[in-house]
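Visitor: Take this structure first; my questions come after.
The values are calculated or read from the model by the stated rules, or taken from the named source; none is laboratory data. Given the structure is predicted, the values throughout are model-derived calculations rather than measurements. Here the Cβ is made from the backbone with ideal geometry for all residues, glycine too, and neighbour counts use every protein chain on show. Keep in mind that these areas ignore ligands, DNA and RNA; they rest on the heavy atoms of the full protein, side chains included. Shrake-Rupley method; radii C 1.70, N 1.55, O 1.52, S 1.80 Å.
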Amino acid sequence: MRIEKILNNKKQFLDLLLLADEQEDMIDRYLEEGEMFALYDDDLKSICVMVQKDSQIYELKNLATYEKYQGKGYGKALVKYIFNYYKDKCKTIIVGTGESDLTIPFYEKCGFCISHRVKNFFIDNYDHPIFEDGVQLIDMIYLKIDL
Ligand SMILES: CC(C)(COP(=O)(O)OP(=O)(O)OC[C@H]1O[C@@H](n2cnc3c(N)ncnc32)[C@H](O)[C@@H]1OP(=O)(O)O)[C@@H](O)C(=O)NCCC(=O)NCCS
């Protein structure tokens with residue numbers, strides 16, 4: 001398994017980025033400034049994008065593993081790599097996600113704790129209703145971890 005920082009042509013990973021964030025213009029808001037990492041185990045398995053919020057905080061803006069490789073430890077391995085990569089660069093990593101049983105338990109397994117909620121985020125920021133596992137996402141739930 002190897003993890004590479006991606007410096008150019010981040011849009012080549014659009015298929016994975018869209019798994020985590022299905023509206024491309026929302027991805028465009030952070031992709032340019034974001035730091036992207038790709039996990040390979042033979043071929044590509046997972047990607048993530050990190051954005052600096054202030055001198056102490058980075059935000060995990062996108063994380064996805066190809067569907068057929070989910071549940072095999074790749075997402076968690078990438079998150080652990082990120083913790084190590086950023087431990088001397090910031091104090092805290094935050095991540096925002098929909099109120100979904102598909103993502104919150106995963107982040108908790110990685111060590112994140114629920115921090116706060118941004119009401120109506122998905123209604124106010126997306127041009128169409130977003131559903132995950134048949135449930136409409138309304139609020140953004142933020143989780144955080146101190147490194
Ligand atoms: C969320 C996602 C990135 C997780 O990646 P993954 O490679 O499947 O996760 P892992 O296999 O590393 O799982 C790590 C741990 O979380 C657990 N986990 C993963 N999904 C879970 C779920 N829905 N419910 C409970 N536990 C879950 C795993 O069982 C594993 O537990 P363990 O450490 O005890 O073995 C992946 O499911 C995905 O790409 N989803 C679609 C995109 C998405 O929603 N991204 C997040 C946007 S905020």
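Visitor: Among (1) open to solvent by less than 40 Å² (accessible area, probe 1.4 Å); (2) more than 8 Å from the ligand (Cβ to nearest atom); (3) outside any loop (DSSP other than H, G, I, E, B), there is one condition Tyr81 misses while meeting the rest; what is its number?
Guide: Result: Tyr81 passes all but (1).
Visitor: Inside the range 121-147, can you point out the residues that are farther than 25 Å from Tyr58 by Cβ and polar (S, T, N, Q)? First the steps, then the outcome.
Guide: Going through the range 121-147, the residues farther than 25 Å from Tyr58 by Cβ turn out to be 123, 127-129, 131, 133-136, 138.
Gln136, the sole residue that qualifies.
Visitor: Sticking with this structure for a sec: Which one of Ser115, Ser100 is modelled with pLDDT under 95 and closer than 16 Å to Leu143 by Cα?
Guide: On the way: Ser115 fails: modelled with pLDDT under 95.
After ruling out the rest, the residue left standing is Ser100.
Visitor: Give Ile104, Ile123, Ile130 a once-over and let me know the one that is in contact with a Gly (Cβ under 8 Å, 6 or more places away or on another chain) and hydrophobic (A, V, I, L, M, F, W, C). Let's see the steps before the verdict.
Guide: Details: Ile104 fails: in contact with a Gly (Cβ under 8 Å, 6 or more places away or on another chain); Ile123 fails: in contact with a Gly (Cβ under 8 Å, 6 or more places away or on another chain).
Unique residue meeting the criteria: Ile130.
Visitor: State yes or no: is Lys89 part of a loop (DSSP other than H, G, I, E, B) and not hydroxyl-bearing (Ser, Thr, Tyr)? Quick ask: steps written out before the conclusion?
Guide: Details: part of a loop (DSSP other than H, G, I, E, B): yes; not hydroxyl-bearing (Ser, Thr, Tyr): yes.
So Lys89 fits the description; yes.
Visitor: Then there is this: Look through Ile94, Ile27 and report the one residue that is more than 9 Å from the ligand (Cβ to nearest atom), assigned to a helix (DSSP H, G or I), closer than 23 Å to Tyr126 by Cα and open to solvent by less than 40 Å² (accessible area, probe 1.4 Å).
Guide: On the way: Ile94 fails: assigned to a helix (DSSP H, G or I).
Unique residue meeting the criteria: Ile27.
Visitor: Within the range 8-24, work out how many residues are surrounded by fewer than 18 Cβ atoms within 10 Å (Cβ to Cβ) and either touching a residue at least 60 places away in the same chain (Cβ under 8 Å) or part of a loop (DSSP other than H, G, I, E, B) (or both).
Guide: Looking only at that region, the number is 4.
Visitor: Looking for something within 13 Å of the ligand (Cβ to nearest atom), open to solvent by 50 Å² or more (accessible area, probe 1.4 Å), within 14 Å of the chain's Cα centre (by Cα) and not β-branched (Val, Ile, Thr) - is there at least one such residue anywhere in the range 44-52?
Guide: No, the range 44-52 contains no residue that is within 13 Å of the ligand (Cβ to nearest atom), open to solvent by 50 Å² or more (accessible area, probe 1.4 Å), within 14 Å of the chain's Cα centre (by Cα) and not β-branched (Val, Ile, Thr).
Visitor: Then there is this: If I ask for residues that are open to solvent by less than 70 Å² (accessible area, probe 1.4 Å) and not in a helix (DSSP H, G or I), which ones from the range 103-133 would you list?
Guide: Thr103, Cys110, Gly111, Phe112, Ser115, Val118, Asn120, Tyr126, His128, Ile130, Glu132, listed by residue number.
Visitor: Got a sec? Which of Lys61, Lys5 is in a strand (DSSP E or B), within 22 Å of Phe122 (Cα to Cα) and open to solvent by 40 Å² or more (accessible area, probe 1.4 Å)? Write out each step before concluding.
Guide: On the way: Lys5 fails: within 22 Å of Phe122 (Cα to Cα).
Just one listed residue meets the conditions, Lys61.
Visitor: Out of all the residues in the range 32-65, which are without any contact (Cβ under 8 Å) to a residue 24 or more places away in the chain and aliphatic (A, V, I, L, M)?
Guide: Selection gives Val51 alone.
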